[in-house]
Structure formats: C-alpha cells, structure tokens
Amino acid sequence: MSDTAAEAKPEVKQASKEVKESENVAEKYSAMTVSKNSEINMGELSSVFSAVPTHKPVKKQIQFVEEKQEFSRFPTKTGRRSLSRSISQSSTDSYSSAASYTDSSDDETSPRDKAQVNSKGSSDFCVKNIKQAEFGRREIEIAEQDMSALISLRKRAQSEKPLAGAKIVGCTHITAQTAVLIETLVALGAQCRWTACNIYSTQNEVAAALAENGVAVFAWKGESEDDFWWCIDRCVNSEGWQPNMILDDGGDLTHWVYKKYPNVFKKIRGIVEESVTGVHRLYQLSKAGKLCVPAMNVNDSVTKQKFDNLYCCRESILDGLKRTTDIMFGGKQVVVCGYGEVGKGCSAALKALGAVVYVTEIDPICALQACMDGFRVVKLNEVIRLVDVIITCTGNKNVVTRDQLDRMKNGCIVCNMGHSNTEIDVASLRTPELTWERVRSQVDHVIWPDGKRVILLAEGRLLNLSCSTVPTFVLSITATTQALALIELYNAPEGRYKQDVYLLPKKMDEYVASLHLATFDAHLTELSDEQAKYLGLNKNGPFKPNYYRY
Amino acid sequence: MSVQVVAAKMAEVELKDVSAGKAALPAESPVTPTSEDKTLARNEPQKEAGSSASAATSPTAEPSAKAGEGSRGLLTPSAAKMPQASAMKHTDPQQNGGEAFVNRDGTVAEAPRMKKIQFADQKQEFNKRPSKIGRRSLSRSISQSSTDSYSSAASYTDSSDDETSPRDKQQKNSKGNGDFCIKNIKQADFGRREIEIAEQEMPALMALRKRAQGEKPLAGAKVVGCTHITAQTAVLMETLSALGAQCRWAACNIYSTQNEVAAALAEGGFSVFAWKGESEDDFWWCIDRCVNVEGWQPNMILDDGGDLTHWIYKKYPNMFKKIKGIVEESVTGVHRLYQLSKAGKLCVPAMNVNDSVTKQKFDNLYCCRESILDGLKRTTDVMFGGKQVVVCGYGEVGKGCCAALKAMGSIVYVTEIDPICALQACMDGFRLVKLNEVIRQVDIVITCTGNKNVVMREHLDRMKNGCIVCNMGHSNTEIDVASLRTPELTWERVRSQVDHVIWPDGKRIVLLAEGRLLNLSCSTVPTFVLSITATTQALALIELYNAPEGRYKQDVYLLPKKMDEYVASLHLPTFDAHLTELSDEQAKYLGLNKNGPFKPNYYRY
C-alpha cells in the first residue's frame, strides 16, 4: 500500500503531492478503514493518470535506499512516472515470495538486447534468463500448494474451458502466485500475454518458467522506465494477435492501450482491475464518458476486502512487531488510532494476547463499535504518556505529531499500519537535537536530549509491508477473484455489462469464498428445496442482498 | 445473516401482502389489514388459508395454552406471521413476534419478567377477546428494540380492579384537560417514577434535549405516534415535546401499554389514547382519536408497524397533504411502505429507521451476544466452559452468539449456507461443519438462521442425553417442534420456558421456549438498546421535519449517515468515550467534513 511515498518524496518533489493524494484516494478505497468517497481528489486525477511514482518495496529498507537512488537516476522523460500503482495490499506483490535466486547482477546486458529462445524454439517473450526456468517452476509449485482455490478451479472448470477463445493481456506483479493465476487461465482455455506492473517486483526465475512454458512474458527485475513501457507495448502490439480481455493492476496497461491502440478496445470484452488506483482511474474514465468497455472492480469485493484488511492486518501487526522488536504483548498498554477494518484487526489481535488496548476514533459509529467490543475510546493526548505501543491505522495524516512524540515515555514503540507514511509526522523528528540510531533493519531509535528513546518502525511507513509478509492465502483470494471476474466478463451475455465499472457480482464473490473453504476443511450446509423456497433464495446463492454488511 | 436473507423473501411476501391485503380489506374492517397481510405473508405455504392456517400453526407456537389452544390459534398466527416478515432483521422480534406478543400480551401484561407458567392464564384471558375480525394485529413491531415493554419494570396496575372500559370513563387530569383516554389517571405518580428510572438509562435522549432545546428543532411539529407505550417511549415523547413538538399518541400493541406510564403522560398534558388490554375495536378507536381531532392536524407520523399510516391512508387521505414525513421503525411497517412506494401510492417522504447501522448492530450483534448467555443461564443454569456448542447460521446474531460462547470457553461449531459468512467463521476460529456431523456430540444447539426446519426430528433423535436446543433466530420455525409432538415422546415442563422431551429410552432433550425466540422469551432487551432506537426515531423526525424542500421526495429513505453517526455519538458518553476530532488540515487531507459523515454509504462497518 504505500511506503513508496516516503522514498519518492525527497527525490521526486514535484510529484510528491500527487503521490500522496493518489495514495490517499487509494487508501480510502482499499483500506475500508478510511474509505471516503474519492471524488474529492478528482482534480488530482489527471495527474494520477499520468504519473504516480511509486514502487513497491520488494526488499528490506536498507536496499531500498540504493534502489531509490537508482530510481531517481531514471528521472523519467515524463518528469513523473508510474511504475506501479498497485495499492491493494494483496495485489499480488512479491513480498510473500521466497527470495529471488537471481539477484546477482551477473549479467549486465539488458534483456532487450539478448536473444530470447526457450527450449521449444519460441522467442515471443523477454525475460532476464530463460535458464532459470527450473527454479521458477519450483517456486510456482510451492505457491500452488497454498493456492488450492485456483487449482480446484482448474479442475472444476477445465472441461468446460470457460475462457476458450479469450486472449488476455495482463499487467500485474510477476510472482509465483501470479504464475499460478496465469497458468490457471491457460488451463481454462485462455491465451495470455503478460507484463509487469512494477519495475522491481518481478521474480526473474518465475518469468523464465512462464516463458519456458509458452506464455509470452515481458518482464524482469529492475526495468527502466523505458523498458517498462516497452514491455507493455510488446505485450499488446503483437502481429496477428489482438487481446479481448485486459487484466490490470494499477491501470498502466489500460492507459497504454487507451492512448496508443484505441482500436483494440473494439474487440475487448472487458477490463478487470484490482488496485485502488486503477479502479479510481476507471471511475474517472467512466465519469468522463470515455470508458468504452465494461470494467470489473475486483478490489472492492467483500472477500478480498476482508482479507486485505481485517484478517491480514490482524496477523501482520503481531508479526511485524515481533520481528522488529521482540516485544512481549501481555499487559502492555497499546493505543490503536482508528477503528476501521485494519484497526479492528489490530485491536482484536492485541487484546487476544493480553494487551490493554485503547482506541482513538473520529467516526462515532466506529467509536461505538469499539466501546461495545470492550475497548476504551480515548483521545490520543489522554493516554500518550501511558502507552507502550502506538499503532496508527487511520488513513489520515499527522495523527501522531511531534508534540505527542515529545510526551511519550521512554521505549515507546511507534508504528503505522494504515496508510503511506503520512500518519506519523516523521519529518518533525529530523531535527538537530534528536539523535537517530538505526538499531536494526527497519528499526530506528530516536533519542531525545534527555536520553528518552522512541522506537520508530519502518520510518513510519507501513509496518505490514515493510516488516511482515502477505500470506499466499491472501494472494490466493485476490488471484481467484481476478480469475472469476475474467470468466464472468468473458462469458456474460450481451448486454449484461455496459460501458461502466462494475463490482464483482455477489454470486462470484461467494464462489471465491467457497473455493477457499476447503482449506479449512469447512463443510458448507446446503439449503433444502423447501428451505430455499421459504427464504426465497436460490439454493446456490447469492444468499444476501447487496446492502448486507457482513 | 439469515435475517437479512429473509429480506429478499420479504419482498416477495410483501407483494403478496399487498394483493392479499387489499382483497381482504374490503371484506373485513379496513383496519385489520395488518394482521391479514402478515398472516398471509407469513406462512407462505398456507398463504391464503387464513384462520385455518393459524389453527395449524398455533399449537406449535403456544402449546402451553391448554385451554386456549383453539381460540388462541387465531391470535397466534398473526404473531407468527409477522415474525417471518421481520425475520430479516433477525429481529426476531417479530418472529418472536409470536412470542413477543405472547409475552407482551402475557408477560408484558402482567409482569414482563414473569415466567411462562403465568402465561398460560393470560393467554386464556387473551383468547377471550378473540377479536371480532377473527384475526388481529396486536402489534407488528418486529424490531427487537422496538420500544417494547420487555425491559420495562413490572406494571403496577394490572389488577383488574376496574372493569369499566376507559372509553366509558370520564377522563380528566389535574389540570382539567380531558383530551386523552387511559386506564386510570391516578396512577400518574407511579408512571412518573418509571419514566424517571428510564431517563437514567437513556442519556442520549436527555443529551439531545439539552443540546437542541435552545433551537427547538421541532417547533411547530405536530407528531402523531403509534408505538408501544412504555417508560422508554415516554422519554422519547417528552423529548420530542421538549424540542418543540406537539404529540398525540396511541399504542401499536393492545397489550404492551404500561397503564401508569400512559397516566403519567396524560397528566403531563399529552394526548395519549392507550391502555393495556384494548380490544380490536378499542385499538382502532384509539388511533382514530389520535388523528381525528378538531383544529389539530398532524404533520409528522411516527409509526411502529404501519397501522397508523394505514389508518390515515384509508380514512383521512387528505391529511397527507400536510404531512412532511413518516418515520417507521419496524420491519413490517417498512415493508408496507416499500410496497406503497412501489405501487406509486406513497405521497410523502418516509424514513426507514430500522435499517440504520447503529440500530441494526445493537438489535442483532450486541443484543444477542449478551442475551444468549443470559437466556441459557436463566433457563438451564448451564456452565459454558468446555461445552460443545453448535451455532446454526453466522450472520450478525450468529456472530454475537459465537463470540460470547467462545469467550466463555465453549467449543463452538458453526453451520452456514453462505460461503462468505462461512469463510468469516473459519477466519474467526470456528469449525465449520454440517449439523449432521456434530449432532451426536454437542451439548447445546442454537439456531439463528432465519430459516425453517434447521433442526429436524432426525437431528433431535440423534442428540445426546441432556442436549439443550434453543432458537435465537426467527419465529418458531427453525426447530421443528411439531415433530416432537408424537405419542412416544413425553413432554415434561420442568420450569417456565423449559421442557424436557423424553425419548422412550430415557434420553432427554432440553427444549427452551418451545422453539420460540430465546432472547425474547427468556431474556430482556436492555434499556440501552431501546435508547438507541428511540434516539434514532427522534433524529429521523428532526431530519424529516427540517429538511429543505426537495431533499426528500415521495419515497422511502434510510436515515442519513450523518444522523446515524449522531445517534452513535450521543451514546458515547455512556462509555466515557472520547471521540477524536479531525483537525482542519486532516479533514482537508481526507476530503471530509470535520463533523461527518465520515464514511461512504457502501461502507460495511
């Protein structure tokens, strides 16, 4: 979701504002915590469209710095850049992937200049090193273990080939999880051409494995700006092959097709977009009346939202804090700022470990929920002197200010689960009287003149992205949702979807959930005919009206 | 969840209602539509069966009423029906409806907290007024928190010391005002005490009085209301009055009125027309007296069940010209409004307060989370630690029950039909099973699906000795209790609301509340929950009354998010909760107004 802004700020000043805004929008969408209608930022939209300099932190912070510099070395012709705008947490990013085997820059030749041929003689791809295919295959097989939903989808739908004839062009993070998705789409009958939505997130060996298997992949780790668009172009602009479906993460691909090959849209049956930013761009297009095909917003599906926010953060808050500080939670006083989905998850997890949890909130309804869940609702100022840990998840800015940092007790841990790097006013700590001491990766001690130390995690960027991982299970939810959205759009009868942005139909949403139940050995009860009639429901769903809140 | 599911169904049902209701109306008194509709709507299978259907239903519902069974049936059905409609909210209220009524009638009537045993008598009494119409709409308040009298303290005035109908009595309060009709004005002091107690637990309304008293946002409002008349309602009415409104009030249920509260209101100058134990005829007479008064025309309607709206619509359609809006709180009433709207006959804006976020959460999740434990403890004294419990349905009610039981150390299994809710259950750490798989091992079975026949005879046959079976979900349909009425099984009432059903081999099943709603039959609705409802109603009235021309058209609206948030904020002081305020800078950053609304409409909470 966005620590990016942190990096971007120093270097790309002119863009930084847009970054923030767009991320803000994004957050609002994605983290239900914040969610607010984003029309506000419409003004920003155009800029969102043209450029959002963000890149996903793939590695540890330390490395980041270098990458950052490298990053700024390609200051982009455009002045601003959109490397990726995948903000959705589960946007199949590479966090969860195992370490890359191929980081060593053993080869300085750009993949674009190399001869690319796989073992079958095909050369319609561009990856770092095709020889790494076997490593990649192993990665993919590991991922398959945790993505049983897609595998069972393959089995269930393989005979009908619901995507027969579909020509899908995709632009997402290229990781083992994505590879499972791509191979599932192929198994269901689709032809795929794929590119990366982020210049750093590609797992080279996975790309190689895909290329070896005959998928036209154009991606490697550490693309330049130019490479990035070249890859996208190679994906789309292929002789004798015109895509009829788009799977996008961030909206770059859609943007490129829209700018360069508007005629392609005549054949396109639909766009599936998973990131907040991309969805926002689609809504803008739609509002401007320029959206000429149906688009599916999978970001806001119930299942995906719950897993991206509530369930994922409920675990990553503990994981992130443990990994960085080895703190013992029992009896600790913790204040959680914000009681949206993320805040609910954090509070529940901490309470379960015996922490004393305080909550701050601006929305009275969420505040009342916090009360009823047994948390004290306070203002931050009231408890700032008491607490041992401060966690922000508001989506807002300057929730923790210098003033409050000054009053914290010695050893207080400050971290951010919410949004970008705006929630904690870290900049205010960069003053001469304070000493910064990096005690380990992602952990800084900020030392006051009187010796008081505040422990700042990930420099105020997102703890869950910087110091924890996204479980494959969460990515599986996302990938399954994408696959089902593609199937739905591709097979929808004429007229069901107009030129607008749609939410995933409730029935598909339920199907995503049902495919994941097997993981828990969960046995779903079926309605009898009589019961279905009594409830006025179809036995196979959808089971709830659209306004149902879950 | 289940609850909601029913919503869909309701729609269907409602449609039927309309036609059925229409058909029925002319024949019967125009008044009765409600019961009719409900009845019909309710039991789909028996749809048009009318009274026969009811007869069929009643035994199940009210087995305890020995004498009254036959006649009782008449009443019960309607109750039963309503429930269904309302099922959606899980508000079992309606469902309970069956119960609720009973309780209301019975329990409420005498002493709300009394045990079932007493019910029987009351029921009989109840039967004695079988309503001319053959069917009756006693109440259709389905929302659980529909200010019913459950939570009210015992009534002081039950003693039928006075057989004269209040209609025949001279009514005059100490100021010489006679524009009301209640049981006994002398009980006003008692009622005042009740009201004062209720005020203690309804800080939100009291705060609203203080905050808005200066501006008098309801100055000029003439509110005609039809709700349960209890101490909580009285606090609401006096709040409305403090905000500048004139009120005339009738009861939406013939049994739920607290006579002494009505007396206190009358003494305080309110035109109240209500007493406990009205007849069908009295019921409509009271409503009519409320509405039809010289020199006073209402401009706002506060309804619970839709009877008042219906009456005005039938009898005084011209009145709608002056009416600025209708506030409706029950599921049934809301449905009738949606039907009206669909038929293009709704000629004023209406506000559906039933589906407001705050109210929904309190009616379902929070209320049931507590009442499941309370209900089970009161009836069975069961110890929860280590017990294996299966909860059927993981909607709001199911989530509440599971959380409470888990917290008590029970091992909780969940059954579900909806994969999304099922996945939620998994992620919350509950084993998702089919009922069959665990039926032999569990100690407690709790249904909250909103569905029917979730626990069937074959399940009951396989349960282990001492298994407790109860229903938190919907009416009395979830457990197939009728199937237990067979000769080989012995029923033994061990205490109020608790039956042992004994198999030939000696196995006993502990059935609570005869399969009706546990939370209504064996527990109470906290005043705090009623406070949420009452506050929501007050704010809806203020909103509708003060809305600029054109904001609301002739349609049914949900309470605006901002008002919903305000309801919540008024209740925060109870918890000594300190809400953080956005700084200007932060508000700008988020693109929000500092005072809300803070969330888009699709936000799920």
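Quick note: the coordinates plus some simple rules give every number you see, no bench work behind them. As the structure is a prediction and not an experimental result, all values here were calculated from the model. All Cβ positions, glycine included, derive from the backbone under ideal geometry; neighbour counts span all protein chains shown.
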- Note on the structure: Residues meeting the amide H criterion for B:V353 (H placed from the backbone, H to H distance under 5 Å, 5 or more places apart or on another chain) are B:E328
- Residue-wise, which Karplus ³J(HN,Hα) couplings in Hz belong to the stretch A:467-478, taking 6.51 cos²θ - 1.76 cosθ + 1.60, θ = phi - 60°, and x for glycine or proline? 10, 8, 10, 9, x, 4, 4, 5, 5, 5, 4, 4
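Could you line up B:R167, A:R496 from fewest to most neighbouring Cβ atoms inside 10 Å? Intermediate results must be reported in sequence, preceding the final value.
Details: B:R167 16, A:R496 12.
Neighbour counts put them in this order, fewest first: A:R496, B:R167.
Among DSSP bridges having both ends in the stretch A:386-477, what percentage is antiparallel? Round to the nearest 5. Spell out each step's value before the answer.
Working: 10 of 19 bridges.
Rounded to the nearest five, the antiparallel share is 55 percent.
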- Message: Of all beta bridges DSSP finds with both residues in the stretch A:310-467, what is the antiparallel percent, to the nearest 5?
- Response: 35 percent
- Name the long-range amide H neighbours of B:Y413: under 5 Å, sequence gap of 5 or more, or other chain; modelled H, no Pro or chain starts. B:V389, B:V390, B:V391
- To the nearest 20 debye, the stretch A:168-280 has a Cα-centred charge dipole, built from +1 on Lys and Arg Cβ and -1 on Asp and Glu Cβ, of 480 debye
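Using Cα pairs closer than 8 Å and at least 6 residues apart in sequence, work out the relative contact order for the stretch A:310-467, in percent. Walk me through the intermediate numbers first.
Details: 343 pairs, mean separation 34.2, N = 158.
This gives 22 percent for the stretch A:310-467.
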- Rounded to a whole number, the mean other protein chain Cβ count within 10 angstrom for residues of A:506-519 is 3
- Message: Longer than 31 Å from Cα to Cα, which of B:K186/B:K322; B:K399/B:K464; A:K114/A:K259; A:K287/A:K397; B:K342/B:K562 are they? Say none if no pair is.
- Response: B:K186/B:K322
- HN-Hα couplings for the stretch A:325-338 via Karplus (6.51, -1.76, 1.60; θ = phi - 60°), in whole Hz with x for Gly/Pro, come out as 10, 6, 5, 9, 8, x, x, 5, 8, 10, 10, 10, 8, x
- Dipole in debye (nearest 20) - the stretch A:310-467, about Cα centre, beta carbon charges: Lys, Arg +1; Asp, Glu -1: 240 debye
- Under Karplus coefficients 6.51, -1.76 and 1.60, residue-wise ³J(HN,Hα) of the stretch A:361-372 in Hz, glycine/proline x: 7, 9, 8, x, 5, 5, 5, 5, 4, 4, 4, 5
- Message: For a quick check: sort B:I446, B:I301 by the number of other beta carbons within 10 angstrom, fewest at the front.
- Response: B:I301, B:I446
- Counting other C-beta atoms within 10 Å, which of B:R336, A:R193 has the fewest, and how do the rest follow? A:R193, B:R336
- Item | the stretch A:310-467 - Kirkwood radius from inverse mean 1/r over Cα pairs (Å) | 15.2 Å
- Using only atoms on other chains, find how many Cβ atoms lie within 10 Å of each Cβ of peptide B:561-567 and report the average. 2
